[in-house]
Amino acid sequence: MSNESLANLLKEERRFAPPAELAASANVTADAYAQASEDRLAFWAEQARRLSWAVEPTETLDWSNPPFAKWFADGKLNVAYNCVDRHVEAGNGDRVAIHFEGEPGDSRAITYAQLKDEVSRAANALQELGVAKGDRVAVYLPMIPEAVVAMLACARIGAAHSVVFGGFSADAVASRIKDADAKVVITADGGYRRGKPSALKPAIDEALTKVDGVSSVLVVRRTGEEVAWTEGRDVWWHELVDGQSAEHTPEAHDAEQPLFILYTSGTTGKPKGILHTSGGYLTQASFTHNAVFDLKPETDVYWCTADIGWVTGHSYIVYGPLSNGATQVIYEGTPDTPHQGRMFEIVQKYGVTVLYTAPTLIRTWMKWGDSIPAQFDLTSLRVLGSVGEPINPEAWIWYREHIGANRTPIVDTWWQTETGAIMISPLPGVTETKPGSAQRALPGIAATVVDDEAREVPNGSGGYLVLTEPWPSMLRTIWGDDQRYVDTYWSRFEGRYFAGDGAKKDEDGDIWLLGRVDDVMLVSGHNISTTEVESALVGHPAVAESAVVGATDATTGQAIVAFVILRGTATDSAELIADLRNHVGRTLGPIAKPKQIKVVSELPKTRSGKIMRRLLRDIAEGREVGDTTTLADSSVMNLIQSQLPAAGTEG
Ligand code: 6R9
């Protein structure tokens, strides 16, 4: 970004008070903000008591060697014990932990008692394969209960897991196995996607021709398809795990024992292995899951639709919900298999009360049309969440009206792989929400917006989002590269964590996320966020989804180029394009009018639903398209190019 701060164009006046009933029985009330601001560390020390410690910590934060933090350093706990055993000991062994729904329609309910036995057997099996405390285990699985079991079994032993998206290429898997120096890989023959089996093991077989050090591959049988087999290395899960004892003593590990490594792609260079540890991470995952979703373990049915390979799956399918003794739904497949109402059907079937999903899916539902959710009974829902990208005000309103029956609060949760848990979000029983804003830092979290010189911007202005105090679930380093950790996150602004996101503060001081700063456009000397122009476009009744990029322009520095997906009922025409440009001009001002608008049927996205604007910039500037290895569907770029007129034929 240039010295000028980010322009503040979008005005949003709609407000929604928390439902009285929810506010009256909310897990966390407004007092928490006051309490935490009075004594932040005492607040976190109190939250740590949500967990069962083998040795209670007496220290809260050790920040003597910044930016390398230690939280609860003299405490000891077992993360898996906290997620399963203690619920069984408390008499809740018969409570369902996981309602699993397979894509083909098979389903399984797993109680906490059963989960405890299965995690114990898997831990015994891993130890038989030679996995010990401090080792790394790579996990490459579909969305099946064994993924949760595998992660918890590692945690139980004190081995760190490294979950890799099932769907990443053999090369991507190989580089991650190598970087973490994993000893064992846990995979499956395959999983079900889009109505058919999709193989996983071949990618592992290929990856292991490229890296050494993996002694065993533990293979879950899910699809029953034939797989290649390497004798002496490959072991079937059902043969090894099922025969183990269901007794396994959970050893107490140090609070700073590594729990997992999770790779974020980053825009350049090799992926960064984000390292999370045990006590602080679990404290914040557990606290935020309880506070932000107002989770009542006895009555709620919670569903987070994220993939387990995304940090959202780690913190809000595995560690947050299970540490809180929640009952949750896990769904294996795609949202339109076998029909576009599948997700709503699942909400109805299990009586889901809390739904946590991503803007990309909400906008996809909008595109498919309002009549689809209307066919299902969604009245069980009481809290809706969003994560992964800024949610456009129109998508937010659609979510509230068509999924939440105009009743349910929406929590727009901002956080990152690096932050480990939710950082900025409304509280459903406290906050008067504003469509499109993540609003304010949670109790115990310190966030603000600064300009280029690290000065806090006044209300009403934009700049860079920073975190000004360490937090329990913060990343501890980049695996094997402390210097890169310091350079990437702690060097841009002295003593502060730079998240890489642009943001603005509104007149009340509430925070609005504006997208990655790498995506910010510079048009005739004005910094304009892609998010605001995209939101204006999605605010037009003909548009379901949009992605905006700045393309080099001789006159204005950069020109705004918009890619749009139309809603089911709209059709592409010169009039519509003109109308869209004028609509953006009216909403945000003439400076933000896109120079070009291109109608497409898909946008390039990562597996977690984030739009890869870099690839669209390549198209807009007529370059060859760059690295597409982290795309969810690599054929999308060809499709988009085939839908656009050849370069140079457009004004
Ligand atoms: C949890 C997760 C992190 C980046 C983050 C930001 C974007 C996530 C958001 C959001 C606006 C939200 N992001 N949640 N932007 N509003 N509620 O997504 O982690 O995959 O590491 O991505 O996602 O740009 O910096 P991760």
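The values are calculated or read from the model by the stated rules, or taken from the named source; none is laboratory data. For clarity, every value in this text was computed on a predicted model and none was experimentally measured. No Cβ is skipped: glycine too gets one built from the backbone with ideal geometry, and neighbour counts run over all protein chains shown. Ligands, DNA and RNA are excluded from the accessible area calculation, which covers all protein heavy atoms including side chains. Shrake-Rupley method; radii C 1.70, N 1.55, O 1.52, S 1.80 Å.
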Which aspartates and glutamates have a Cα less than 19 Å from the Cα of Lys593, not counting those fewer than 8 places away in the same chain? Glu12, Glu394, Asp519, Glu532, Glu534, Glu545, Asp553, Asp572, Glu575, Asp579, Glu621, Glu650
Heavy-atom surface of the chain, accessible at 1.4 Å and reported per residue (Å²): 36
Using R₀ = 41 Å, calculate the FRET efficiency as 1/(1 + (r/R₀)^6) where r is the Cβ-Cβ separation of Arg50 and Arg623; round to 0.05. 0.20
In the stretch 304-414 the accessible area split gives carbon plus sulfur, as whole percent at 1.4 Å, a share of 49
Please give the Cα centre distance for the stretch 442-517 versus the stretch 320-379, rounded to the nearest Å. 32
Using only Cα atoms and rounding to the nearest 10 degrees, what angle (0 to 90) does helix 359-368 make with the longest principal axis of the chain? 60
In this structure, among Lys183/Lys272; Lys296/Lys349; Lys296/Lys505; Lys505/Lys605; Lys116/Lys196; Lys270/Lys610, pairs with alpha-carbon gaps over 25 Å are Lys296/Lys505; Lys505/Lys605; Lys116/Lys196
5 angstrom amide H check on Ile98, placed H, neighbours 5+ away: Ile110, Gln328
With every protein chain present, what accessible area does Asp579 have (1.4 Å probe, heavy atoms only), rounded to the nearest 10 Å²? 60
Give the cross-link partners of Lys76 among the aspartates and glutamates, using a straight C-alpha distance below 18 Å as the criterion and excluding same-chain residues fewer than 8 apart. Glu46, Glu56, Glu59, Asp62, Asp85, Glu251, Asp254, Glu256
Can you bin every Cα-Cα distance in the chain into 20 Å intervals starting at zero and give me the percent of pairs per bin, rounded to whole numbers? 19, 55, 25, 1
Principal-axis tilt of helix 279-292 within the chain, Cα atoms, nearest 10 degrees: 60
For the stretch 540-650, Rg(Cα) over 2.2 N^0.38 Å is 1.05
By how many nm would the segment from Ser524 to Ala109 grow when fully extended, if each residue of separation counts as 0.36 nm and the alpha-carbon distance is taken off? 143.6 nm
If a/c stays under 1.5 just call it rounded; otherwise compare a/b with b/c (prolate if a/b is bigger, oblate if not). Do that for the stretch 105-202, with a ≥ b ≥ c from the square roots of the Cα gyration tensor eigenvalues. oblate
